[in-house]
1. Which distances, shortest first and in nm, link A:K164 to the matching position in the other copies, using label points set 7 Å out along Cα to C-beta?
2. Threshold 20 Å², probe 1.4 Å: give the residues of region A:27-45, in number order, that are less accessible with all protein chains present than with their chain alone.
3. Please identify the DSSP H helices in chain A that span no less than 15 Å along the helix axis (Cα) and have a mean Kyte-Doolittle hydropathy of 0.0 or more.
4. How high is the FRET efficiency between A:Q98 and B:T156 when r is their beta carbon distance and R₀ equals 35 Å, given to the nearest 0.05?
5. Let me confirm one metric for peptide A:186-192, namely the mean number of other chain beta-carbon atoms within 10 Å of its residues' beta-carbons.
6. Using a 10 Å cut-off around each Cβ of peptide A:173-185, what is the average number of partner chain Cβ atoms that fall inside?
7. Below 8 Å between Cα atoms, with a sequence gap of 6+, how large is the relative contact order for chain A in percent?
8. Return the long-range amide H neighbours of B:F199 (sequence gap of 5 or more, or a different chain), with a cut-off of under 5 Å between placed amide H atoms.
Protein chains: 2
Amino acid sequence: MTEGRTGEVLGYGYGAPDTAHSPLDMEGLDLLKQTVLFTGEDERYLRMAGEVLEDQIEDVLDVWYGFVADHPHLIHYFSGPEGPDADYLERVRKRFHQWILDTCRRPYDQEWLNYQQEIGLRHTHEKKNETDGSHGTPNHIGMRYMIGFVYPITATMKPFLANKGHSAEEVDKMHQAWFKSVVMQVTLWCLPYARDGYF
Amino acid sequence: MTEGRTGEVLGYGYGAPDTAHSPLDMEGLDLLKQTVLFTGEDERYLRMAGEVLEDQIEDVLDVWYGFVADHPHLIHYFSGPEGPDADYLERVRKRFHQWILDTCRRPYDQEWLNYQQEIGLRHTHEKKNETDGSHGTPNHIGMRYMIGFVYPITATMKPFLANKGHSAEEVDKMHQAWFKSVVMQVTLWCLPYARDGYF
């Protein structure tokens, strides 16, 4: 099985029949969009961001992976008893790559909503490591780090959005659209973490 | 009992003996700070933001309240059977005012951590409306809106930070410090929402 941008991304199951089903419907998503002020304009700027980022994604991932590698409490989640698991890091990296593209290009419909539920579940006790089989890192990702990541995942993106000669206003609008989408997605990923009736 | 900036803020119990106790200690907070890249520099810029915002807080609250008032799914949380509860809105507003000052000026110590737990609990089924007695709005705030608010509470702040003639770099640093602190606090407020062992 090939991996990489044009090949198959292992463990990536967007739209697959066994993907989780979100308890939210389009109406629930619409209220969440309103809460983060996400509009059609943001969709257009995310498409623009997709063009801008397309050939820079590996550089973005270098920054994010460098950040994780610098913090023992974060690299912990990519480690087994023998230390960081290079194969696992690489598989996650390909899904992370695809996630950036999906954030910019996918329509935010029921299928997308279902995949956010799948992503959330995969970070919890419930589904952790089902995806990649046993690789020695059965670590549930604490909700604190799911939410905390809103900051680095948002702040580090701006210089990349500015790398292709767009106006300051365009860069800012792409960045705001990215920020809104990240907040919305992190919110959805936290759904399986919440007590019943608390989401 | 007087209310307002220099008087007593009803229901504000910072450091009070009956405040909740956070399950997190300083070590847990430190890891969260690292996750959102919060450093001593951010503390200094939050102090600066406190100076900049001090006489603009009511204007900030006008923006936030306008945003809530424009969205039925948000004003719902301030409403009873008769519609929006003006007294309740006013009491919350004074605590929101104080929260902006606390975010900029309080040391982020165990007492602060405990008060974040108290704030979180007060938004859940567990403690909702204990603070203000029965005012007909027994509405638990869904975790989705706690996290979703990261965006409006962060994005709307920047113009106010730019209102006092600071350099673009200073404004940006104040804003980044604000953003980091909001992400960190929202994370802490979500602790009581999480399933046992999921935070």
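The values are calculated or read from the model by the stated rules, or taken from the named source; none is laboratory data. Quick caveat: nothing in here was measured; it's all calculated off a predicted structure. Positions of Cβ are generated from backbone atoms using ideal geometry, with glycine treated the same way; all protein chains shown enter the neighbour counts. Note: accessible area is taken over every heavy atom of the protein model, side chains too, but ligands, DNA and RNA are not part of it. Shrake-Rupley method; radii C 1.70, N 1.55, O 1.52, S 1.80 Å.
1. Result, one decimal in nm: 3.9.
2. The answer is A:L31, A:L32, A:Q34, A:T35, A:V36, A:L37 - residues whose exposure falls by at least 20 Å² when every protein chain is included.
3. Numbers: long enough: A:40-53 (20 Å, -0.69); A:57-69 (17 Å, 0.95); A:86-105 (29 Å, -0.93); A:110-122 (18 Å, -1.23); A:168-189 (31 Å, -0.05).
Helices meeting the criterion: A:57-69.
4. Working: r = 32 Å, r/R0 = 0.92.
E(calc), rounded to 0.05, equals 0.60.
5. On the way: counts 4, 10, 2, 1, 8, 2, 2.
Per residue, the average neighbour count from other chains is 4.
6. On the way: counts 0, 0, 0, 2, 0, 0, 5, 5, 1, 2, 10, 4, 0.
Mean partner-chain Cβ count within 10 Å for A:173-185: 2.
7. On the way: 200 pairs, mean separation 65.4, N = 199.
After rounding, I find 33 percent.
8. A:M143
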